[in-house]
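To start, the structure itself, in structure tokens.
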Amino acid sequence: MSAGTMIAPGFSHPVFQSQAAFRALLAALSEPGTLQNVASEITPPEGLTTATATALLTLADYETPVWLPEALRNGPAGAWLRFHCGASLVESPAEAAFAVIDGTVYEPKLSAFNLGTDQFPDRSTTVIVQVTALKGGSALALSGPGILGSRNITPQSLRPGFIDELRENGALYPLGVDVLLAHGEGLIGLPRSTQIEEVR
């Protein structure tokens, strides 16, 4: 295998690192809007942030199809996920248990992913949105379960109309996708139960 085709290592201590990452992911979704650190000392493949790669390494396996943009699916990121997680990489967003999108790219919309069913709302897609920063952008006010009163976040590089997509997604509750914003080693959870308003 040449140096150009070598797959970067995953967790060096899988049990401890995956447990720590799982706790951070659980905190992100149970306490929406809080910044959670998921540093795991891995070198993510090209196209994935450390937080994204760690989340997928923790959650994805051969039973959880993953959707990636085509360039990532056919590149080092896709090879890395197949090798370390055994996950199948699907072309249709609606088939995915987990997905990664670029916050600046217009497609796919959140509504293209699996929104769950009345019988199994928990089988919807968890969408990881990679952004250029988790602070310094326009303020968003969050409210709902896991938030006392309200909580503000200021992510950067969310595509125009994305907040409307989040609101439409929340209106489907208990259906709808759960969203994680990712940058570097940080994650912010926006579960489908969270109400989101732009701060003027």
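The values are calculated or read from the model by the stated rules, or taken from the named source; none is laboratory data. The structure presented is a predicted model; accordingly, all values stated were derived computationally and were not measured. In this analysis, Cβ positions are derived from the backbone assuming ideal geometry, glycine residues included, and neighbour counts consider all displayed protein chains.
For this structure, a couple of remarks:
- Within segment 152-172, the set of residues being under 12 Å from residue 198 (Cα atoms), outside any loop (DSSP other than H, G, I, E, B) and either in contact with a Gly (Cβ under 6 Å, 6 or more places away or on another chain) or without any contact (Cβ under 8 Å) to a residue 60 or more places away in the chain (or both) comprises 153, 162, 163, 164, 166, 167.
- Screening segment 55-98 for residues that are touching a Cys at 6+ places or on another chain (Cβ under 7 Å) and not small (Gly, Ala, Ser) and picking the one that is surrounded by the most Cβ atoms within 10 Å (Cβ to Cβ) gives 56.
- Complete set of residues in segment 161-175 that are surrounded by fewer than 24 Cβ atoms within 10 Å (Cβ to Cβ) and not acidic (Asp, Glu): 161, 162, 163, 166, 167, 170, 171, 172, 173, 174, 175
- Residues (at pLDDT 95 or above and of a type in the set (Val, Ile, Thr)) located in segment 156-200: 163, 177, 179, 188, 194, 196
- Residues in segment 70-101 that are more than 19 Å from residue 115 (Cα to Cα) and not in a helix (DSSP H, G or I): 74, 75, 86, 87, 88.
- Residue in segment 145-165 that is small (Gly, Ala, Ser) and in contact with a helix residue (DSSP H, G or I) (Cβ under 8 Å, 6 or more places away or on another chain) present: yes
- Condition check for residue 95: out of contact with any Leu (no Cβ under 7 Å at 6 or more places or on another chain) and free of Cβ contacts under 8 Å to residues at least 60 places away in the same chain: yes
- Every condition in (1) under 30 Å from residue 200 (Cβ atoms); (2) surrounded by 15 or more Cβ atoms within 10 Å (Cβ to Cβ); (3) not charged (D, E, K, R) holds for residue 145 except the one numbered (2).
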